[in-house]
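Participant: Below you'll find the structure I mean.
Computed from the coordinates by the stated procedures, all read-outs in this text should not be read as laboratory data. Since we're looking at a predicted model, the values are computed, not measured. Virtual Cβ from ideal backbone geometry, glycine too; neighbours counted across all protein chains shown.
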Amino acid sequence: MLLFLGTQIGVTQPAAKAQTPVAPTTSTKSICSSQLGTAIDAVINRPLFSRGRWGIMVQPLSTGPTLYSRDAQKYFTPASNLKLLTTAAALQQLGANFRIRTSIYQNGNGVLRVVGRGDPSLSDTQLQTLAQQLKQKGITQIQRLIADDSYIQGDIVNPTWQWEDVQSDYGAPVSSFILNQNIFSLKLVPQAVGKSLQVLWIDPGEAKQWRIINQSVTVAQNQPTYVNVTRELSGTVLRIQGQLTTNSEQSLIDLPVVDPNYYFLRRFRTALATEKITLGQTLVVSGGVNQEEIAFVESPPLSELLMETLQNSNNLYAEALLRALAVKKIRVKNQTSADVGLEVVKASLTQLGVDPANYVLVDGSGLSRRNLVTPEAFVQTLRGIARTSAANVYRTSLPVAGKSGTLKGRFQDTPAEGIVQAKTGTLTGVISLSGYMNAPKYEPLVFSIIVNQSEQPATVVRQAIDEIVLLLVQLQRC
């Protein structure tokens, strides 16, 4: 079943989803490095690619001349390849063992303060742990719970993101409080033919936050099925359109929360009730005095957060890590956490040997189309971090061809399987792939391939990119 979320989500593959399996048609014979340029040109100069833009750079990982370059110093919209830059900076600046802490402080008189620090891994399980810690402290009643959201400053969604992304699960808001990846879920269940689909809420508390306009219908068997769930600009109305057949499976729909602070407080109230802790008033403030910490939970170490960010191309994690970088720099008044984080990313990339003229960064995930990065910048980043003590952690975080993450369905049963570690990227008209390769008959390589302004289906462009990667696998000295 083709599932639409928002106006064009069916054709705009979210970067966090697994890529469509592709079977490249390149032979397995070896080619000399002197023949590489001609072989790559034969792929990208096909008539069906005449309207798109290709940017490619291939270099040895250590030293040596560039093996292939095509518009490698020109700007491209990178899509999720941008996560390579954000995560490289996070690893350099924060270290593999960095964790994000969520704390509860006791200020006396039955008043507790919970301080969120933008942990993207926080879930209901951790909320239950916090409630249990409070119960162990002998707390059975909270007169007032203050949620301090001052740690992360600025817009909860990037103002340059498209509306279809903001109302989709892969464009969830980022703030001091992130819970369940700031996503809530509902199910659409087919009924008798001609009846509207039944809406079942996974969390009944969320049902009270929305007004539903249900324009869906149940249709007879063998009819086409599709569902389109959109949020109106007011942020309080969900419109459900489309149709499911009477015999089809129910559809699980994930949608971003509108107000992360109050979503957190609603879920925490439920967790406290499970421990028989009564909660009175809740309040959201920005700033204040923290006294005695009486409960806390921490995220997994950064090395594990990177795995989720890169393996599954998780936009929320990337944006949270960007804001976590703000702790490394003193913030100027009225400067957002994301802007401070971007400054730290730029400084870190310069330390790695990346030319600052090779990129213009707007967000941490690559969801914005205003990001501009050259293929050379990715190659410089990949080579630069390979020379650091964090090289192994970084490389291990990347999807492996035919094995894991967004590359699990690509390069299976090809010579590239298991020897390519690379980051994928997908937006409408944008396909990218940048990473490392242990070429069997050549030295280790680093590469970046970005396609922009393509009207071809993503699967077609992806297959051509995979053919180029297989050419690199066949490389030998001669």
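Participant: Which value in nm describes the separation of the simple spin-label points at Gln136 and Thr428, placed 7 Å from the Cα toward the beta carbon?
Facilitator: It works out to 5.1 nm between the two label points.
Participant: Run the paramagnetic zone check for Tyr262: 7 angstrom along Cα to Cβ, then residues of segment 184-213 with backbone nitrogen under 13 Å.
Facilitator: 206-211
Participant: Right, next: Using R₀ = 30 Å, calculate the FRET efficiency as 1/(1 + (r/R₀)^6) where r is the Cβ-Cβ separation of Val189 and Ala273; round to 0.05.
Facilitator: Efficiency at R0 = 30 Å is approximately 0.60.
Participant: List the residues, sorted by chain then number, that are 5 or more residues from Asn228 or on another chain and whose placed amide H is less than 5 Å from its amide H.
Facilitator: The list, which skips near neighbours in sequence, is Gln241, Gly242.
Participant: Could you go through segment 438-455 in sequence order and give the Karplus-derived ³J(HN,Hα) for each residue, using 6.51 cos²θ - 1.76 cosθ + 1.60 with θ = phi - 60°, rounded to whole Hz, and x for Gly and Pro?
Facilitator: Whole-Hz 3J(HN,Hα) from phi for segment 438-455: 9, 4, x, 10, 9, 7, x, 10, 10, 8, 9, 10, 10, 10, 10, 6, 9, 8.
Participant: Hey, what do the phi angles of segment 176-183 turn into as Karplus ³J(HN,Hα) couplings, whole Hz, using 6.51/-1.76/1.60 and θ = phi - 60°, x for Gly and Pro?
Facilitator: 4, 10, 10, 9, 6, 6, 6, 10
Participant: Let me ask something additional. Given the Cα-Cα distance of Arg51 and Asn438 and 0.36 nm per residue of separation, how much length would full extension add, in nm?
Facilitator: Full-extension gain reported as 136.1 nm.
Participant: Report the label-to-label distance for Arg99 and Lys29 in nanometres (one decimal), using points 7 Å from each Cα along the Cα→Cβ vector.
Facilitator: According to this spin-label approximation, the distance is 5.7 nm.
Participant: A further question on this structure: Kindly state, to the nearest 0.05, the FRET efficiency for Gln221 paired with Leu200, given R0 = 30 Å and r defined as their beta-carbon distance.
Facilitator: Numbers: r = 22 Å, r/R0 = 0.73.
The computed FRET efficiency comes out at 0.85.
Participant: Still on this structure, please answer the following. What list of ³J(HN,Hα) values in whole Hz, one per residue of segment 169-175 in order, does the Karplus curve 6.51 cos²θ - 1.76 cosθ + 1.60 (θ = phi - 60°) give from phi, with Gly and Pro shown as x?
Facilitator: My calculation for segment 169-175 gives 4, 7, x, 5, x, 10, 8 Hz in order.
Participant: Right, another one. For the chain, just list the percent of Cα-Cα distances falling in each 10 Å bin from zero outward, please.
Facilitator: Per 10 Å bin, starting at zero, the Cα-Cα P(r) for the chain comes out as 4, 19, 26, 24, 17, 8, 2, 0 percent.
Participant: Ok, one more. Can you tell me the dipole magnitude for the chain around its Cα centre, using point charges on the Cβ only (Lys, Arg +1; Asp, Glu -1), in Debye to the nearest 20?
Facilitator: That gives the chain a dipole magnitude of about 220 debye.
Participant: Please report Tyr317, Tyr68, Tyr170 as a ranked list, fewest other C-beta atoms within 10 angstrom at the top and most at the bottom.
Facilitator: Working: Tyr317 27, Tyr68 20, Tyr170 24.
By the 10 Å Cβ count, ascending, the order reads Tyr68, Tyr170, Tyr317.
Participant: So which trypsin sites (Lys or Arg not before Pro) in segment 171-216 end up in coil per DSSP with only 10 or fewer other C-beta atoms within 10 Å?
Facilitator: Lys208
Participant: To continue, here is another question. For segment 100-299, give the magnitude of the charge dipole about the Cα centre (Cβ charges: +1 Lys/Arg, -1 Asp/Glu; no others), in debye to the nearest 20.
Facilitator: Charge dipole of segment 100-299: 640 debye, to the nearest 20.
Participant: Put one equal scatterer on each alpha carbon of segment 100-299, apply the Debye formula with no solvent term, and list log10 I(q)/I(0) at q = 0.08, 0.11, 0.12, 0.14 1/Å to two decimals.
Facilitator: The Cα Debye sum returns log10 ratios of -0.33, -0.59, -0.67, -0.84.
Participant: With an 8 Å cut-off on Cα pairs and a minimum separation of 6 or more residues, tell me the relative contact order of the chain in percent.
Facilitator: For the chain, the relative contact order is 28 percent.
Participant: Oh, and also: Past the 27 Å Cα-Cα mark, which pairs from Lys29/Lys403; Lys83/Lys328; Lys29/Lys74; Lys74/Lys329; Lys346/Lys441; Lys208/Lys333? Don't skip to the answer; put the middle values down first.
Facilitator: Working: Lys29/Lys403 23 Å; Lys83/Lys328 19 Å; Lys29/Lys74 32 Å; Lys74/Lys329 30 Å; Lys346/Lys441 36 Å; Lys208/Lys333 37 Å.
Beyond 27 Å between Cα atoms: Lys29/Lys74; Lys74/Lys329; Lys346/Lys441; Lys208/Lys333.
Participant: Restrict the search to segment 270-371; then list the trypsin sites (Lys or Arg not before Pro) that DSSP places in a loop and that have at most 15 other Cβ atoms within 10 Å of their Cβ.
Facilitator: Those that pass, being in a loop and sparsely packed, are Lys276, Lys329, Arg331, Lys333, Arg370.
Participant: Tell me the label-point distance for the pair Ser389, Arg144, using the 7 Å Cα-to-Cβ offset, in nm and rounded to one decimal.
Facilitator: Taking the simple label geometry, Ser389 and Arg144 are separated by 4.7 nm.
Participant: Here's a follow-up. Give me the distance between the Cα centres of segment 87-109 and segment 40-81, rounded to whole Å.
Facilitator: Their Cα centres are 38 Å away from one another.
Participant: Cut-off is 10 Å between beta-carbons; in what order do Val58, Val111, Val360 appear when sorted fewest neighbours first?
Facilitator: Numbers: Val58 27, Val111 17, Val360 12.
The most exposed by this proxy come first: Val360, Val111, Val58.
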